[in-house]
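The values are calculated or read from the model by the stated rules, or taken from the named source; none is laboratory data. Computed from a prediction, not measured in an experiment: that's the story for all the values here. In this analysis, Cβ positions are derived from the backbone assuming ideal geometry, glycine residues included, and neighbour counts consider all displayed protein chains. Remember, those area values only see protein heavy atoms, side chains included, never the ligands or the DNA or RNA. Shrake-Rupley method; radii C 1.70, N 1.55, O 1.52, S 1.80 Å.
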Amino acid sequence: MASVEFSLIPFLAWLVSLLAVPAIILLGKKPDAREGITFLAAIVKFGFVLLMLPLVREGKILHFSFSEIIEGIPIEFRVDGLGILFAIVASSLWILTSLYALGYMRSLKEHDQTRFFACFALSLSATIGVAFAGNLLTLYIFYEILSLSTYPLVTHHGDKEARSGGRTYLSHLLGTSVAFVLPAMIYCYWKKGGDINFTDGSLLTTDIGSGAGLIVLLAFTFGFAKNGLMPFHSWLPNAMVAPTPVSALLHAVAVVKVGVFCVIRVFTGVFGIDLLEKLDIAVVVSWIAAFTVITSSLIALSQDNLKRRLAFSTIGQLSYIILGVSLLLPLGVTGSILHVAMHAFGKITLFFCAGAIYVAMHKKYVSELVGIGRKMPITMTAFAIGSLSVIGLPVTGGLVSKWYLVMGTAQSDQIALLVVFLISSILNACYFLPIVYRAFFCRPEESLYEGGRQEAPLACLIPLCITALLSVISFFNPGLFIELAGLISNK
Amino acid sequence: MTDHLPILLLLLPLFGSLICVLLGRNNAAHSWVVAMISLGGSALLSLLMLIKVLGLKSGDFRYRMGGWPESSSYEVGIELRVDVLACLIVLAVMIVGFLNTIYSKTRVSAEVGEKGSFFYALIQLLIVGLCGIIMTNDAFNLYVLIEITSLTSYALIAMGNRRAALSSFNYVIMGTIGASFYLLGVGYLYIKTGTLNIDDIHNYLRSENLWASQSIVVAFILIMLGVWTKMAFFPLHGWLPNAYSYAPSMTGTFMAPLMTKVMVYVMIRVMLWLFGSDFVYSTESIWSELIIWMSVVAIVAGSFLALARNDIKKMLTYLIIAEVGYMVGGAWLGNLNGQAGAFYHILSDAAMTFCLFIAASIVIIRTGESRLNAFDDLFRKMPITMIGFTIGGLSMIGLPPTCGFFSKWYLIKGGVETGQWEFVVALLFSSLINAVIFFKIFERAYFGKIKGIKEEVTVQDRDTIPAGGIKSVPLSMLIPLCVGSLSILIIGIMNKNIFSWITKALEMVNG
Amino acid sequence: MDIIIASFIEEVIVPKFNYWIYVILMMIGLFAMITKNNLIKKLIGMAIFQTAIILLYVSVGVKSEANIPIISHHGHQEHVENAQDEKHSSKLEVSTDDKSDKSDHHAIDKDKFANPLPHVLMLTAIVVGVSTLGLALAISQKVHGSFGTLEEDEILDQLKPGGHD
């Protein structure tokens, strides 16, 4: 039993980016000072998160609550291994994305940059709120705030395409959460007799029965539609109308990972692995996830728009995570939690590259990338590393998490699921490697590009190099992540 | 002094309205001052009353009109009865009345012309009637007060344009049928029990065990039909949308949040205090099943009808019809959470409807357009108005921390507890429809017109509204809006306290 | 057949004929309010409807061989208690052996006085009815002023999208 300790730091970590919002709006007329605030907030936030790391590694659980809003349910922060891991990933990548966004937005001379950065800070605040949420209601509230605060980012361009994309985005995310999560949450609240705080054990008990248990489980799994599980996945490709920094941080890391994070929380915190084993209902989720993995990979193959291809790849990778958790084995859960981090580094690299290509060359279709490797060698090298990581090949972090996932699957004796992993890995390779190959190794006459090197501005280039590097480092040094994941899965 | 609070807060607006009449035509400015004083004073008194009642151990107190002595058997005089629930609603009525008077300041001369002082007289009378309905403990008095509010509201609505007169006429017909049904039901009760005091009727029904009597069942049905007509419970809602949307704007902003809600309170009062929960819920359990299904239909139909409307105020009025479904369903769930949720929703719905109606009125007045395309690009031009509208809209959808979320929370919890899943589904469904409705508007207001797509009708040049149009909206309209949207948040954040007061009062009557 | 009808009249209609009359009147009124096309006819229906209910109350208050309830030579206190007794006596369908037997020690014989309460209530209801009617007439005048007609279908024709509104 981990010791629970009161601490103000989770609250502060949450508050920092929230306080940045008014500051950003007030400094709207001075872009440099405005971006300064963003960086300051991002770094301070990362600092706070790091401050909590040693405490959590000692096995402590940090806890902070205020304002009991409904009988027995306060707004509560509770930091454990899973939460801190997610917070580290999100807040560290925020720093890089801020730098990237700076380069991207300025070189494209985007409009309404103040709104953009303000909403960005707000959505980061909500993300941290989800990561540290100590009960279902807090989780739900921040989940909704995240949906709403990212809406202006998705519809940033304000044209017809952005508006219809934004409509799909909001209707899918809000619709599912209100229709499924809210009743499931109230059901738990009622069943538990007025208490939905997460603890080490499970919230529900066996008396729920398999039927009701399955309904509640599915309501949560589909309700947190940010996890991109089919059939509620179509918001993600539609959200690709957003500027690339948004797609990179939010739709490869923060928003979608919030979705799977919530599902992991539901599996480990609300139901508990033991209970799910007894009820024997998780296998339904496994198969839905397996279906999503294969289908989305197939769709990704046919996408010519680079960002959409990445989006469908993300949908598949997210389902890996859900699949891993639903195996109900320590190895699978560890693999899932690891994959949250590893996929984040890999996918954000790919998005950064896509954005860099757009900034430098104004290209956004896969078919236009033939021969671009000579023009933008650094970007495309990073792209190659990112692809390797997402496919799960050495020497990238993706291999580590996939290793655990495959091991978990093997341990569970579900050969069919093992085959799913295998096929999808091949498909991943099929939709990424040709891009890399044709970018570098095409015949000169095929190449669509001429002339010397022309990379994106440094502000774009540096972040993508760092994230590519992180992907590699996390292969050689995954210890911290494994340790944090173990805090949850070994219970 | 504090013993006389209930009657004092009725007398203040009553005399206020008399003074307004005496001031005569063309004296709207003075009448406004009179109304502000009387309603402000009454609002303070009702706050005092709430504080007093919260301090009472017994939970309620009675005021004997005319000083009739207490008697051992039936009550002779007419009683006012005040408990926490009544106090909360009276406070809501007074605050909405006061804020609405502020709002009316500039609108009265524009919309009703020289009859301004009569408008203030009527609105104060209406408030007297509403508070009387809430506090009275006498079934027949309740009828008279219902008719007082109805008569004043017919007149208030008819002050609008020619369509308003027609819809007011329809309202007269429907309203009279409703009130007469209620009177008929009271007649049956009186024949059976020989008294009109609500507590006495209840005790008599209980002691003589008259619940199986056909006359009582008929009386109950008649009263329910009457009350439902008055509260526009689907399918008895026909009169409401036209009446509220064609009425002068300051009439709409007052009546939309309050009239139906007060009638919902009357329904709860009739159910729990007059007939008693034993009769209402258990003996005729088919009823609650049936009525919950009716409320499900009301919620779904109201939401769909709202979705189909392109007129701002019409859309909002259909939303009211859906919300009435929430409250009726909640009250009929038959458990504490449902009842308290329905009651809490009365308060929160009053706040959010007020907010939305004020914002919508401002938008319609400023843009001169009553269809949804009035909202094009308004976030930039009228930011404060739109923020108020947004808060109201989010509350309608039911997102935390607005009060709409918490009322839905309690109602759904009530539905889950009793296993009325159809009600839960209907609530969630209407949330989703509301989300569609409001985000459609937010999108328009946020992005403006899509370039390259021609609107079917462009009534007037949108550029006549200056950017940052806040300066062109008088403060007397913005203050009520701001207070209204703040109160949405306050009711939301204070939900735990309010809810515990409500449950305590309800536990007392449920036994 | 005749016997059945006769017994029906004797057992169902005659003892409760006041109820029958009020129900028939009320239905006539309701019918007129809902189906009539002319606004004034609707109002006439409304008046009949309200009168029917008044009739119900008043007929309930009838007591044969009773006088008007004005009691002289009594102080204030008795007056109060008397009023209470009157209330009791109006329980028509309740057996007479309830609380009213304690009024025996009073000098006033409740059978000699009619129950004033229903009549008083109906005075109020009449006032309400009259004011509703007056208001409704005023409104219909306004409708006539702006539409030039009191026929509902003609008004609705004017309000159709093609019309000038």
Residues of the stretch A:385-438 that turn out to be of a type in the set (Ser, Thr, Tyr) and closer than 13 Å to residue A:331 by Cβ, as a count:
4
Helices (runs of 4 or more DSSP H) within the stretch A:119-214 that include 1 or more residues among the β-branched types (Val, Ile, Thr) and more than 25 Å from residue A:94 (Cβ to Cβ)
A:160-176, A:182-191
Within the stretch A:348-356, identify whether any single residue is out of contact with any Phe, Trp or Tyr (no Cβ under 6 Å at 6 or more places or on another chain) and within 24 Å of residue A:129 (Cα to Cα), and answer yes or no.
yes
When restricted to B:186, B:108, B:172, the only residue without any contact (Cβ under 8 Å) to a residue 40 or more places away in the chain and either open to solvent by less than 10 Å² (accessible area, probe 1.4 Å) or within 12 Å of chain C (Cβ to nearest Cβ) (or both) is B:172
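Listed here are the residues, each with its yes/no results for (1) open to solvent by 50 Å² or more (accessible area, probe 1.4 Å); (2) modelled with pLDDT under 80.
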site: A:409; (1), (2): no, no
site: A:412; (1), (2): no, no
site: A:427; (1), (2): no, no
site: A:436; (1), (2): no, no
site: A:442; (1), (2): no, yes
site: A:451; (1), (2): yes, yes
site: A:476; (1), (2): yes, no
Among the aliphatic types (A, V, I, L, M), open to solvent by 10 Å² or more (accessible area, probe 1.4 Å), touching a helix residue (DSSP H, G or I) at 6+ places or on another chain (Cβ under 8 Å) and in a helix (DSSP H, G or I): is that true of residue B:216 in this structure?
no
What tally of residues in the stretch A:357-390 results from selecting those that are within 28 Å of residue A:478 (Cα to Cα), open to solvent by less than 10 Å² (accessible area, probe 1.4 Å) and among the hydrophobic types (A, V, I, L, M, F, W, C)?
4
Residue among B:370, B:395, B:407 that is within 20 Å of residue B:256 (Cβ to Cβ) and open to solvent by 10 Å² or more (accessible area, probe 1.4 Å)
B:370
Members of the stretch A:65-94 found to be without any contact (Cβ under 8 Å) to a residue 60 or more places away in the chain and under 23 Å from residue A:192 (Cβ atoms), listed by number:
A:66, A:67, A:68, A:83
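This table checks each residue for (1) closer than 23 Å to residue C:43 by Cα; (2) more than 9 Å from chain C (Cβ to nearest Cβ); (3) of a type in the set (S, T, N, Q); (4) surrounded by 22 or more Cβ atoms within 10 Å (Cβ to Cβ).
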{"site": "B:143", "(1), (2), (3), (4)": "yes, no, no, yes"}
{"site": "B:146", "(1), (2), (3), (4)": "yes, yes, no, yes"}
{"site": "B:193", "(1), (2), (3), (4)": "no, no, yes, yes"}
{"site": "B:208", "(1), (2), (3), (4)": "no, no, no, no"}
Subset of the stretch C:115-143 (residues that are more than 7 Å from every other protein chain (Cβ to nearest Cβ), in contact (Cβ under 8 Å) with a residue 24 or more places away in the chain and farther than 22 Å from residue B:190 by Cβ)
C:133, C:137
Return yes when residue A:204 is open to solvent by less than 40 Å² (accessible area, probe 1.4 Å) and at pLDDT 85 or above and no when it is not.
no
Condition (residue is under 15 Å from the mean Cα position of the chain (by Cα) and either without any contact (Cβ under 8 Å) to a residue 24 or more places away in the chain or in a helix (DSSP H, G or I) (or both)) applied to the stretch B:273-283: is it met by at least one residue?
no
Just to check your reading of the model, which residue among B:321, B:365 is surrounded by fewer than 24 Cβ atoms within 10 Å (Cβ to Cβ) and part of a helix (DSSP H, G or I)?
B:365
Pairs please, first residue from the stretch B:76-88 and within 14 Å of chain C (Cβ to nearest Cβ), second anywhere and part of a strand (DSSP E or B) and buried (at least 20 other Cβ atoms within 10 Å of the Cβ), Cβ atoms under 7 Å, 6+ apart in sequence or on different chains.
B:78/B:138
Going through the stretch C:30-46 in order, the residues found to be buried (at least 19 other Cβ atoms within 10 Å of the Cβ) and more than 9 Å from every other protein chain (Cβ to nearest Cβ) are C:32
For residue B:226, are the conditions met, namely being under 27 Å from residue B:347 (Cβ atoms) and outside any helix (DSSP H, G or I)?
no
Looking at (1) within 12 Å of another protein chain (Cβ to nearest Cβ); (2) at pLDDT 85 or above, find the lone condition where residue B:380 falls short.
(2)
Tell me yes or no: at least one residue of the stretch B:91-102 is within 11 Å of another protein chain (Cβ to nearest Cβ) and either open to solvent by less than 10 Å² (accessible area, probe 1.4 Å) or farther than 27 Å from residue B:53 by Cβ (or both).
no
The stretch B:56-93: number of residues that are over 12 Å from residue B:197 (Cβ atoms) and assigned to a strand (DSSP E or B)
5
Enumerate the pairs (first residue in the stretch B:433-447 and assigned to a helix (DSSP H, G or I); second residue anywhere and among the acidic types (Asp, Glu) and open to solvent by less than 20 Å² (accessible area, probe 1.4 Å)) with beta-carbon separation below 6 Å, excluding pairs fewer than 6 apart on the same chain, so at least 6 apart or on different chains.
B:444/B:376
